[in-house]
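This report concerns only the one structure given below.
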Amino acid sequence: MEKRDYYEILDISRGASEGDIKRSYRQMAMKYHPDRNPGNKEAEDKFKECAEAYEVLSDNDKRKVYDTYGHAGLSGQGFSGFSDVNDVFSSFGSIFEDFFGFQQGGGGGGKRRGRKGADLRFDLVLEFEEAAFGVEKEIEYERDIACTVCKGERAEAGGKKTCGTCGGRGQVARSQGFFSVATACPTCHGEGEIVTNPCKPCKGKGRVRDQKKVSVKIPPGVDQGVRLRVSEEGQGGAGGAPNGDLYVFLQVKDSPHFERDGSDLVHTASISMVQAALGTKIAVPTLGNNTVDLEVPAGVQFGHRLTIAGEGIPKLRGIGRGDLWVELKVEVPTKMSKEQKELLQQFAEISGEKVGSGGNGFFSKIFKD
Ligand SMILES: [Zn+2]
Ligand SMILES: [Zn+2]
């Protein structure tokens, strides 16, 4: 595969500052983060590609080589990018710490310590009225938590020894031409220790699958796209670090009666042209399967809106409710009896209006029945 230009990958100019490079990389890494794109091979490749671009451009020496000689210059130095996602994490763990709950252990020569669990996303679909009035929902999902037997240590008690390759530092210095680059130790993968007796219940993984049920209180007035955070109900943390958070993304089903406009509702009611002219009383549906009677005054026009105060959606983080707007659609009859037609023609004559075949004008002669 043809290697893409590093500046193009990060969508920055050739003169980009260190800050620009970092900002752009963080954005890209967040977008293509494996936790956000589970099982998506393309996102994973992008994630690695961005990391590679970042590694080169954030390092002044490497950037100089790249600017002068391009990709060829770097491969001449033995630089080959990242083989897998964990390699990316162990190289720049710190850049992820603000956004996905990743933390790099302080000190210890970069050895991976307790790491906060990743955040999880759950999509919850609500009925229109559940979103309006609030509801409590029990949601069920799977997550990974630290094995309760080994506490995530992957080994039985005393079943680990210090890694001989890195001497327990978790990192090794790799010489690449005139650069010396610290990378995750290939033997212990940055852990600093090797498991000699794996924990049996988790088969040495340190993590087990957990079927989780959580009750989520949805406040009244939420709308499509609202995101609720349930603290520490995401993936389990490692090494005693806290769990990630669970984010519940809300989707709201449409209502057959209402369109929502913030905390106001719009209901479209059809009335006949005669009702529009003379006025009428209609039954309007309201939230909660009720109806209210609404007086429609005489002489309303198509599209006229009447307000029923306080019958809208409860205000999210506020007091009171929005209003219900009733938009009138005036319908003109398409089929009429002979008698109805005659009455309308009389109406037209009295008003002096020229109509269809009933008048004395030019058109009425042509279109006579
Ligand atoms: Zn275990
Ligand atoms: Zn090691």
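What the table shows:
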quantity	calculated
Test: Gly225 is part of a loop (DSSP other than H, G, I, E, B) and in contact with a Lys or Arg (Cβ under 8 Å, 6 or more places away or on another chain)	no
Among residues of the stretch 252-307, those that are of a type in the set (A, V, I, L, M, F, W, C) and within 37 Å of the chain's Cα centre (by Cα), counted	8
Leading residue by the ranking (farthest from Asp35 (Cα to Cα)) among those in the stretch 233-254 that are outside any loop (DSSP other than H, G, I, E, B) and of a type outside the set (Ser, Thr, Tyr)	Val252
Residues located in the stretch 149-170, provided they are open to solvent by less than 80 Å² (accessible area, probe 1.4 Å) and more than 8 Å from ligand 2 (Cβ to nearest atom)	Cys150, Gly152, Arg154, Ala155, Glu156, Gly158, Gly159, Lys160
Residues (farther than 27 Å from Val226 by Cα, open to solvent by less than 80 Å² (accessible area, probe 1.4 Å) and in contact (Cβ under 8 Å) with a residue 24 or more places away in the chain) located in the stretch 299-328	Val300, Gly303, His304, Glu327, Leu328
Subset of the stretch 116-148 (residues that are open to solvent by 80 Å² or more (accessible area, probe 1.4 Å) and of a type in the set (Ser, Thr, Tyr))	Thr148
Flag for Thr334 being farther than 30 Å from Lys217 by Cα, modelled with pLDDT of 95 or more and either of a type in the set (S, T, N, Q) or in the same structural domain as Phe133 (by TED's automatic domain parsing) (or both)	no
Only listed residue being in a loop (DSSP other than H, G, I, E, B), at negative phi, modelled with pLDDT of 95 or more and surrounded by 13 or more Cβ atoms within 10 Å (Cβ to Cβ), chosen from His267, His257	His257
Candidate set from the stretch 187-239 (those that are away from ligand 1 (no atom under 16 Å from the Cβ) and on the phi > 0 side of the Ramachandran plot); member that is most open to solvent (accessible area, probe 1.4 Å)	His189
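The values are calculated or read from the model by the stated rules, or taken from the named source; none is laboratory data. Not measured: the values here are computed from a predicted model. Quick reminder, even Gly has a Cβ in these numbers, built from the backbone with ideal geometry, and neighbours come from all protein chains shown. Only protein heavy atoms, including side chains, enter the accessible area calculation; ligands, DNA and RNA are left aside. Shrake-Rupley method; radii C 1.70, N 1.55, O 1.52, S 1.80 Å.
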